[in-house]
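Trainee: Below is one structure. I have some questions about it.
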């Protein structure tokens, strides 16, 4: 287990995070949603306190505690006053070592998760993201859903949860981080109270992406009655922390990460097709996707998609301009300090380095690495990494009115799926 301390004696607050290198990608195939379900169930009562007593105890201390999930990791995080740290940390230990994992709460959580999944379908933006994540690189480990499907959630058994739970936080995978008025010796004393794991670590998944499909693919998520469309398009990109990532970060922000970016200026300001248009390169231990998003009205959706594909092709061929590079680099260097402004932010940056196996000081060195870039490196990274001819384009729209118009854009393949099918 690794222990990280970020001292901050000017504040009475303490934040701690017990992280594990186990994430939702560690789930067995066909068991999507199992990790999230097991962790959430662990918060619903321990051997010492019922669910109501546990929640009341946290509230009475003015503290907060919750699980968070990433593809490659998960964490139990809490914030409290320093004088309550021992008590709150002992509650966290109970969650990890002696959860009740009751059958009643298991069934209740299944019903709630299915309801949440149904509610998610009311959000067209969430649907676009869900189907994009499924289709951007078929067969890849990161294309599996973290929250599960109706089938996988319904089929989860309490026995599976109880077998999995001790394997979520094995000693060898743990990173304990604490920020606040605390010494390293005090942090080590708290770390010593964490239980020895009763289960072996889940096997590490293969993060090697399979051979991806070629050509531009349209996935039309058919949802009747849409007057506005949600669009998500992109493809696989280099991994966070790889040699090209910093250069691509500059290009990402210049193309779609600011109000002054190309996408916003063309799609919102010039054409008034969508209130927002942006792009983002997902961060993960392995390679993940670049995703461009927008929400045009149904009648202009084909034109907006055609324009973005044209702009992305131009970005691949010509890169960003010298003016874009200078402005974006200045913005990124100037704003970098805001991501390290608080003790908790600095702590989480160090935890991320451990979880992603990044060099020590990787986050703190971001501004200096961006300063050291030049335009040629950014544009070379774009030429090597962007694939405008191999885009996955997901559109949430009404197929009866949108399909024929979208097909005129010359996609190499078209698939129509019902919005409730996944």
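The numbers here are math on the coordinates, done by the rules we state, and not lab data. Since the model is a prediction, treat every value here as computed from it, not as a measurement. All Cβ positions, even for glycine, are placed from backbone atoms using ideal geometry, and neighbour counts span all protein chains on display.
Trainee: Taking Cα pairs under 8 Å and at least six residues apart, what relative contact order does segment 157-244 come out at, in percent?
Mentor: Details: 27 pairs, mean separation 28.2, N = 88.
Once divided by the residue count of segment 157-244, the mean separation gives 32 percent.
Trainee: Still on this structure, please answer the following. What is the helix-to-structure angle for 375-385, meaning the angle in degrees between its Cα long axis and the longest Cα principal axis of the chain, kept from 0 to 90 and rounded to the nearest 10?
Mentor: Relative to the chain, helix 375-385 is tipped by roughly 90 degrees.
Trainee: What does the highest-first list of 323-333, 294-304, 409-419 look like by mean Cβ count within 10 Å?
Mentor: Result, highest mean Cβ count within 10 Å first: 294-304, 323-333, 409-419.
Trainee: Which of 232, 341, 187 ends up with the largest GNM mean-square fluctuation for the chain, with Cα atoms connected below 10 Å?
Mentor: Result for the chain, Cα springs under 10 Å: 341 fluctuates most.
Trainee: Taking Cα atoms, how many degrees apart are the long axis of helix 85-97 and the longest axis of the chain, rounded to 10 and kept between 0 and 90?
Mentor: 80 degrees
Trainee: I would also like to ask the following. When ranked by the protection proxy of mean other Cβ atoms within 10 Å per residue, highest first, what sequence do the peptides 109-119, 28-38 form? Spell out each step's value before the answer.
Mentor: Details: 109-119: 14.5, 28-38: 19.2.
Most protected by this proxy first, the peptides run 28-38, 109-119.
Trainee: Now a separate question. Could you order peptides 80-91, 199-210 by the average number of other Cβ atoms within 10 Å of their residues, highest first?
Mentor: Numbers: 80-91: 17.3, 199-210: 13.7.
Ranked from most to least packed, the peptides come out as 80-91, 199-210.
Trainee: What number, in nm² with one decimal, is the all-direction average of the projected area of the convex hull of the alpha-carbon atoms of segment 337-422?
Mentor: Working: hull surface 41.3 nm².
So the Cα hull casts an average projection of 10.3 nm².
Trainee: Then there is this: Just for the chain, what percent of DSSP beta bridges are antiparallel, to the closest 5? It would help to have the intermediate numbers written out before the result.
Mentor: Working: 39 of 57 bridges.
Of those bridges, close to 70 percent are antiparallel.
Trainee: For the chain, what is the relative contact order in percent, using Cα pairs closer than 8 Å and at least 6 residues apart in sequence? Provide the component values of the computation, followed by the final result.
Mentor: Numbers: 767 pairs, mean separation 97.5, N = 422.
Here the relative contact order equals 23 percent.
Trainee: How many percent of DSSP beta bridges within segment 217-418 run antiparallel, rounded to 5? Don't skip to the answer; put the middle values down first.
Mentor: Numbers: 18 of 30 bridges.
If we restrict to bridges inside segment 217-418, about 60 percent are antiparallel.
Trainee: Also, quick follow-up: Sorted from fewest to most neighbouring beta carbons within 10 Å, what does the list 143, 229, 66, 279 look like? Please list the in-between numbers first.
Mentor: Numbers: 143 16, 229 28, 66 13, 279 24.
Listed from fewest to most nearby Cβ atoms, that is 66, 143, 279, 229.
Trainee: Moving on to the next point. Per Stokes-Einstein, at 4 °C and 1.567 mPa s, what whole-number D in µm² s⁻¹ belongs to segment 217-418, with the Kirkwood radius over Cα pairs as the hydrodynamic radius?
Mentor: Approximately 72 µm²/s, per Stokes-Einstein.
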